[in-house]
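Below: the structure, in C-alpha cells.
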Amino acid sequence: MQAQATQFAGGFSNTPVDAAHAFRAAMTVMARPGEIRTLSGAQAPVPVSGAAATLLLTLCDPETGVYLAGASDTPEMRQWLTFHTGAPLVDAAQADFAVGTWTDLLPLKTYRIGTSEYPDRSATLIVECHALAQTGATLSGPGIKNTSQLNLPDIPALQANSMLYPLGMDFFFTSGTQVAALPRSTQIAKG
Amino acid sequence: MTEYNFAYLDEQTKRMIRRAILKGLAVPGYQVPFASREMPMPYGWGTGGVQVSAATLTPDDTFKVIDQGADDTTNAVSIRKFFENTAGVAVTEETEKATLIQTRHRIPEAELTEDQILVYQVPIPEPLRFLEPRETETRKMHSLEEYGLMHVKLYEDISQHGDIATAYAYPVMVQDRYVMDPSPIPKFDNPKLEMSAIQLFGAGREQRIYAVPPHTKVVSLDFEDFPFVASKANHPCDLCGAEDSYLDEVILDDAGNRMFVCSDTDFCRSRRAAGHVGRLGTEDAA
C-alpha cells in the first residue's frame, strides 16, 4: 500500500525523535542561509514533497494557520494536514505557514510581514522547487561567513522582501527530501 | 529509558519553542515572546535555557552544561542529569566533544565550531529594562531603534567612574539593528559573540527567546574616546598559568591571601593535563 493512500499514513514513525532531527535540519538551514540539508520522515499526498511534509509536521499544530497554495490545495492534502497537525486551513493573509510552488504562492504582498513592535508575527513560506543547488544568487549577512550561493526563484522579489527588514517573510525552499532557507535578514545579489 | 517524552517537554510545547527559535534566527537580536512553561526547577535556575535545549536536542547530541564556566557546580550538574534522565543523551565536560552546550554566564574559552550550538540561560533579556521598566515603552524603543538611553547610561558610567564600569551583561548591537543583552557574561566574553556556532538565548521567567546566527555582526556599544575593552583580572591562572583566560578570584584564608583561577574548569583541566603549571599548581594536580 502506498504511504499516501489514506490521510492516516505518512506521519512520523517516532514523533519526538523524528521531529527533533527535522527541527535541527530546519534550524541549521535557517541559521546558515545557502546550506542544503536532508529533511525526511513524513510523506504527504502528492504533489507535496517529503521535505515540505516534514516541515509541516515539525512546526504546525492547532495554533498555526496554514495556507495551501494552488496545486497543493487538494482534498487529500487538506485531510492529511488536518489529521496529522490539527492546523486550521486559512487564507494567505492570515497564514503562519504557506506551502506551494513559487507561482502558486504569489502575490507575496498578501502575506503577513509582522509589525514593527512584533516582527516575529510574519508568515513563513515553504516554497516547493524543482531542485536546490548552491549556484545562482549570492547571499551575505547573518549566518554566512563571507558569501554563499543558492538558486532562488525570483531575486528581485526576494530582495524587496529583505528591504523590509526587520519586517518581512522567511522562506524555506524544499525539493524532494532537501531543504534550504532564506531568512529576511539575508542580503541578496545577482550571480 | 524513561516514562518521559523525549527531552521532557510535550511535542506541542516544543513546536511552539521551535517556531520562536526560527523567528529569532531570522531577526537576530530581537526578543521573540514565547509561552514559557513551568519546569521542574525554580525560575532563575535556567528554565529558559532548559526549554530551548529541550526543543533543540536530538538523541545523537553530546550535551555539556556550564555554570559560570564550571561543569561541577549544582546548577550545571542538575541540568546535565535532567537531560541524561529525560532525553538519554550523552554528556561530557569537554568543550570540544560537546555538540550542544548550555551555559550560565560564560562563553567557553575554547573556540566553538560550526557543529556546535550554545544555549544561554538569561535572567533579564531586555537590555533597556533597568533604564525603562515599562515593556510597552522598551518595545517601542526597539521598534524605533531608539537606543540613546543606553548610551546615556554608558556615558554616566564614565562621568561617575571615569570609565565604562559595566563589567557584565554589557550591551551589544546585533547586525546594526537591535541592541541585545548578551546575558550576564563578563564583557571579556563579548568579542567571542561573533562565532561559528549558533547561539540561542532563553529567558524562562521573562518568556523571551532570541538568537544570534553564526558570523553575525555583534558590536559592543562604546564611544570613540572610550572604546570598549574586554577586561579581565590582570593575573595568570594560579593553577594552569594561562594568561589569556577569564579568572575567578578565590579568597584562601583570613590573612588576605588569594588566588586567581580559570573560570572555565575544562579549559584549566585540559591545560594542566598538557603540563602547564601555575603559581600554586602542582605537577600531579591534573
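Tabulated values for the structure
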item: Which listed residue is within 26 Å of B:Ser245 (Cβ to Cβ) and under 18 Å from the mean Cα position of the chain (by Cα), from B:Thr73, B:Thr47, B:Thr56; result: B:Thr73
item: Residue identified as out of contact with any strand residue (DSSP E or B) (no Cβ under 7 Å at 6 or more places or on another chain), part of a loop (DSSP other than H, G, I, E, B) and among the acidic types (Asp, Glu) among A:Glu76, A:Glu35, A:Glu63; result: A:Glu63
item: In segment B:40-59, the residues that are open to solvent by 20 Å² or more (accessible area, probe 1.4 Å), in contact (Cβ under 8 Å) with a residue 12 or more places away in the chain, on the phi < 0 side of the Ramachandran plot and out of contact with any Gly (no Cβ under 7 Å at 6 or more places or on another chain); result: B:Pro40, B:Met41, B:Trp45
item: Residue pairs meeting the criteria (Cβ under 9 Å; at least 6 apart or on separate chains; first within 13 Å of A:Gly50 (Cβ to Cβ) and at pLDDT below 90, in segment A:3-18; second open to solvent by 50 Å² or more (accessible area, probe 1.4 Å) and of a type outside the set (Val, Ile, Thr)); result: A:Ala3/A:Gln43; A:Gln4/A:Gln43; A:Gln4/A:Glu76
item: Positions within segment B:150-184 being aliphatic (A, V, I, L, M), within 23 Å of B:Gln68 (Cβ to Cβ) and not in a loop (DSSP other than H, G, I, E, B), in sequence order; result: B:Val172, B:Met180
item: Members of segment B:189-229 that are hydrophobic (A, V, I, L, M, F, W, C) and over 25 Å from A:Ala31 (Cα atoms); result: B:Phe223, B:Phe226, B:Phe228, B:Val229
item: Candidates B:Lys14, B:Lys23, B:Lys64 - the one that is open to solvent by less than 10 Å² (accessible area, probe 1.4 Å), within 24 Å of B:Pro182 (Cα to Cα), among the charged types (D, E, K, R) and within 9 Å of chain A (Cβ to nearest Cβ); result: B:Lys14
item: Residue within segment B:122-132 that is exposed (fewer than 12 other Cβ atoms within 10 Å of the Cβ), away from chain A (no Cβ under 14 Å) and over 18 Å from B:Pro33 (Cβ atoms) present; result: yes
item: Members of segment B:253-270 that are open to solvent by less than 50 Å² (accessible area, probe 1.4 Å) and of a type outside the set (Gly, Ala, Ser); result: B:Met259, B:Phe260, B:Val261, B:Cys262, B:Asp264, B:Thr265, B:Asp266, B:Phe267, B:Cys268
item: Residue ID - farthest from B:Val119 (Cα to Cα), chosen from residues in segment B:71-90 that are among the small types (Gly, Ala, Ser) and open to solvent by 10 Å² or more (accessible area, probe 1.4 Å); result: B:Gly88
item: Output for segment A:102-117, where each listed residue is assigned to a loop (DSSP other than H, G, I, E, B) and either surrounded by 15 or more Cβ atoms within 10 Å (Cβ to Cβ) or more than 12 Å from chain B (Cβ to nearest Cβ) (or both); result: A:Leu106, A:Pro107, A:Tyr111, A:Arg112, A:Gly114
item: Of the criteria (1) among the hydroxyl-bearing types (Ser, Thr, Tyr); (2) open to solvent by less than 60 Å² (accessible area, probe 1.4 Å); (3) under 14 Å from the mean Cα position of the chain (by Cα), which one A:Thr177 fails; result: (2)
item: Residues located in segment B:221-240, provided they are within 12 Å of B:Lys187 (Cα to Cα) and in contact with a Lys or Arg (Cβ under 7 Å, 6 or more places away or on another chain); result: B:Ala230, B:Ser231
item: Condition check for B:Arg208: within 29 Å of B:Ser53 (Cβ to Cβ) and over 22 Å from the mean Cα position of the chain (by Cα); result: no
item: For A:Gly168: the one exception among (1) surrounded by fewer than 24 Cβ atoms within 10 Å (Cβ to Cβ); (2) among the small types (Gly, Ala, Ser); (3) part of a loop (DSSP other than H, G, I, E, B); result: (1)
item: Condition met for A:Ala157 (over 15 Å from the mean Cα position of the chain (by Cα), open to solvent by less than 40 Å² (accessible area, probe 1.4 Å), small (Gly, Ala, Ser) and closer than 24 Å to B:Ile198 by Cα); result: no
item: Selection count where residues are within 12 Å of chain B (Cβ to nearest Cβ) and open to solvent by 60 Å² or more (accessible area, probe 1.4 Å), scope segment A:57-98; result: 2
item: Criterion violated by A:Ala53 - all others in (1) open to solvent by less than 20 Å² (accessible area, probe 1.4 Å); (2) within 10 Å of another protein chain (Cβ to nearest Cβ); (3) not acidic (Asp, Glu) satisfied; result: (2)
item: Filter result for A:Gly143 (open to solvent by less than 50 Å² (accessible area, probe 1.4 Å), at pLDDT 95 or above, under 12 Å from A:Leu182 (Cβ atoms) and not hydrophobic (A, V, I, L, M, F, W, C)); result: yes
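To keep it simple, each residue is scored yes or no on (1) crowded, with 23+ Cβ neighbours inside 10 Å; (2) closer than 22 Å to B:Ile107 by Cβ; (3) without any contact (Cβ under 8 Å) to a residue 24 or more places away in the chain.
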position: B:Tyr147; (1), (2), (3): no, no, no
position: B:Gln160; (1), (2), (3): no, no, yes
position: B:Asp163; (1), (2), (3): no, no, no
position: B:Val174; (1), (2), (3): yes, yes, no
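The values are calculated or read from the model by the stated rules, or taken from the named source; none is laboratory data. Here the structure is a predicted model, which is why all the values come from computation and not from measurement. For neighbour counting, all protein chains shown are included, and Cβ atoms are generated from backbone atoms with ideal geometry for every residue, glycine included. All accessible areas refer to the heavy atoms of the entire protein, side chains included, with ligands and DNA or RNA removed. Shrake-Rupley method; radii C 1.70, N 1.55, O 1.52, S 1.80 Å.
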